[in-house]
Amino acid sequence: MQRFLLSVDKFSTFVGHAFSFLIVLLTLQVSWEVFARYALDNPHAWAFDAMIIQYGTLFMMAGAYTLAKNGHVRGDVLYGFFAPRTQATIDLVLYVLFFIPGVIALTYAGYYYAAESWAIREHSNITAEGPPIYPFKAVIPVAGAILLLQGIVEIIRCAICLREGAWPSREEDVEEVDVDKLKEMVHVDEAAIKDPAYVDDGGAAR
């Protein structure tokens with residue numbers, strides 16, 4: 001079971017990493033459009049639509065990745081003080097009552113929404129030169145399906161935690177620097193850092 005959970009985590013991570021490169025593309029496009037508008041006096045009518053499409057795609061396709069890393073927003077002020085079984089109970093109730101029905105509705109409605117858009121080869125009507133948006137709308141059911149798969153994995157994790165009293169491991173990925181954990185790894189405490197002799201001896205470099 002743990003192998004299956006980590007396999008889905010890896011898949012969600014792969015999708016998130018793959019679509020994260022849209023940030024680079026979006027940055028380049030915004031930079032070029034600003035240059036074209038103010039330096040060349042040659043703005044592009046489709047640029048705004050293209051930016052929305054890229055950001056929307058990134059936002060939706062990163063949902064499962066964020067869930068796999070347990071990175072979605074929650075009220076940690078109280079949640080973090082609860083025992084793992086209590087946390088799992090809360091999560092399980094919320095997943096079953098809200099998350100699963102909502103994501104199923106998103107995937108189901110998104111499929112027909114995208115199918116209609118493909119049928120008419122829909123283009124954006126915000127500007128006269130609006131780009132095609134039917135490929136973008138196809139992202140909705142795909143993102144919903146991947147998010148649903150990751151949600152099922154999280155429900156299984158809740159069940160395991162309720163049974164064993166501890167959360168099962170997750171696929172590791174890049175995380176924010178935890179200063180306290182870093183100090184433990186290099187065996188340095190706060191007093192040593194403030195000690196001038198430690199710094200003079202090159203301890204800080206070590």
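The values are calculated or read from the model by the stated rules, or taken from the named source; none is laboratory data. Since this is a predicted model, take the numbers as computed values, not measurements. All Cβ positions, even for glycine, are placed from backbone atoms using ideal geometry, and neighbour counts span all protein chains on display.
The combined condition, being in contact with a Phe, Trp or Tyr (Cβ under 8 Å, 6 or more places away or on another chain) and either of a type in the set (V, I, T) or surrounded by fewer than 18 Cβ atoms within 10 Å (Cβ to Cβ) (or both), is fulfilled by Y134. All conditions in (1) assigned to a helix (DSSP H, G or I); (2) among the acidic types (D, E); (3) touching a residue at least 40 places away in the same chain (Cβ under 8 Å) hold for E129, with the sole exception of (1). So for the range 147-160 (the condition being basic (K, R), surrounded by fewer than 17 Cβ atoms within 10 Å (Cβ to Cβ) and assigned by TED's automatic domain parsing to the domain that holds Y65), does at least one residue qualify? Among the residues of the range 147-160, not one is basic (K, R), surrounded by fewer than 17 Cβ atoms within 10 Å (Cβ to Cβ) and assigned by TED's automatic domain parsing to the domain that holds Y65, which makes the answer no. Taking the numbered list (1) touching a residue at least 24 places away in the same chain (Cβ under 8 Å); (2) in contact with a strand residue (DSSP E or B) (Cβ under 6 Å, 6 or more places away or on another chain) in turn, D91 passes all entries but (2). Filtered by the rule that a residue be surrounded by 13 or more Cβ atoms within 10 Å (Cβ to Cβ) and either out of contact with any helix residue (DSSP H, G or I) (no Cβ under 8 Å at 6 or more places or on another chain) or of a type in the set (G, A, S) (or both), the range 28-44 gives W32, A36, R37.
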